[in-house]
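K.L.:
Starting off with a structure, shown below.
The values are calculated or read from the model by the stated rules, or taken from the named source; none is laboratory data. The structure presented is a predicted model; accordingly, all values stated were derived computationally and were not measured. Cβ atoms come from the backbone with ideal geometry, glycine included; neighbour counts cover every protein chain shown. Each accessible area value is taken on the protein alone, full model and side chains, heavy atoms only, with ligands, DNA and RNA left out. Shrake-Rupley method; radii C 1.70, N 1.55, O 1.52, S 1.80 Å.
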Amino acid sequence: MKVYIKNMVCQRCIMAVENILNDLEIDYKNVALGEIELSSELSDANLMKLSNQLQSIGFEMIDDKKQQLIERIKNHIIQFIHHDKEMLKVNLSSFLSKELGYEYNYLSNLFSEVEGTTIEKYVILQKIEKVKELIVYDELSLKEIANQLGYSSVAYLSNQFKKVTGLTPSHFKTIGQQKRVPLDFL
């Protein structure tokens, strides 16, 4: 049995869900972004307990099949951009079709219908979030960031960054560094 969950975006989310499952003594096979593979069916009472615990930390169980597929699309895109550098060398539409078992046109139309935006715009937003993260870490140059995220040039990354955030990457970096507190200060 699979349970689909909305709002999971990172490894800490997976650990939080695993903690809930362990606390509730629910047997599971695997927890991944957006889904739990349970070892067996849950009673209605345990399903309700799980739902309540998930809601208490900002997650939501998804029953609707279309919404489950949308969440799976989002989680694959997050994985694609944020967690696997090699993935960015793969064609996203082919990747999503293969992983989800649907034609890309169907996925794209469903995503647009339900989310009110395109998959491509969602990808751009996720890339910009990754750019922000990498800028704040201050370990890579803008050219290295552009290359890592598959941008054709620094200028293209900068233009897209400004269009989404209203700031240039260098201005964002300045703001981010002003707000950072050194670890030895804490």
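K.L.:
Of K127, K65, which has the most accessible area and how do the rest follow, probe 1.4 Å?
P.N.:
Putting K127, K65 in descending order of accessible area: K65, K127.
K.L.:
Quick check for you: with a 1.4 Å probe and neighbouring chains kept, what is the accessible area per residue of the chain, in Å²?
P.N.:
Dividing the accessible area of the chain by its residue count gives 61 Å².
K.L.:
Next up: Whenever you get a sec, line up M1, M15, M61, M8 from highest to lowest accessible area (probe 1.4 Å, protein heavy atoms).
P.N.:
Descending accessible area places them as M15, M1, M61, M8.
K.L.:
Amide H to amide H, which residues 5 or more places from E60 or on other chains are under 5 Å from it, using H placed in the peptide plane?
P.N.:
K6
K.L.:
Hey, another quick one. Per the Debye formula with a single identical scatterer at each Cα and no solvent contribution, what log10 I(q)/I(0) holds for the chain at q = 0.12, 0.16, 0.17, 0.19 Å⁻¹?
P.N.:
-0.71, -1.08, -1.15, -1.26
K.L.:
When Rg is the radius of gyration of the Cα atoms in the range 128-176 and Rh is its Kirkwood radius, what does Rg/Rh come to?
P.N.:
So for the range 128-176, dividing Rg by the Kirkwood Rh gives 0.90.
K.L.:
For L38, what charge total do you get from the other residues with a beta carbon under 9 Å from its beta carbon, if Lys and Arg give +1 and Asp and Glu give -1?
P.N.:
-1
K.L.:
Then there is this: Can you give the three extents of the C-alpha atoms in the range 49-153 along their principal axes, from longest to shortest, in whole Å?
P.N.:
45, 35, 23
K.L.:
So, one more: In the range 1-99, carbon and sulfur make up what percent of the accessible area (probe 1.4 Å)?
P.N.:
Answer for the range 1-99 is 44 percent, counting heavy atoms of protein chains only.
K.L.:
May I pose another question? Hey, could you pull the Cα Rg and Dmax for the range 21-61, both in Å?
P.N.:
9.8, 25
K.L.:
Another one. Can you compute the charge dipole magnitude of the chain about its Cα centre, using +1 on each Lys and Arg Cβ and -1 on each Asp and Glu Cβ, nothing else charged? Give it in debye, rounded to the nearest 20.
P.N.:
960
K.L.:
Here's a follow-up. Return an integer: the convex hull volume of the alpha-carbon atoms of the range 1-103, in Å³ per residue.
P.N.:
99
K.L.:
Within the set K49/K74; K6/K132; K49/K162; K49/K121; K66/K163, which residue pairs have Cα atoms separated by over 32 Å?
P.N.:
K49/K162; K49/K121
K.L.:
Same structure, new question: The range 16-46: which GluC sites (Glu not before Pro) are DSSP loop and have at most 14 other beta-carbon atoms within 10 angstrom?
P.N.:
Passing both the DSSP loop test and the Cβ count: E25, E41.
K.L.:
Where does the range 38-81 land on the Kirkwood hydrodynamic radius, alpha-carbon pairs, in angstrom?
P.N.:
Answer for the range 38-81: a Kirkwood hydrodynamic radius of 12.1 Å.
K.L.:
With charges set only on the Cβ (+1 for Lys and Arg, -1 for Asp and Glu), what does the dipole of the range 1-54 come to about its Cα centre, in debye to the nearest 20?
P.N.:
Roughly 240 debye for the range 1-54.
K.L.:
Let me ask something else about it. Over the heavy atoms of Y151, what accessible area does a 1.4 Å probe trace out, to the nearest 10 Å²?
P.N.:
About 20 Å², ignoring ligands and nucleic acids.
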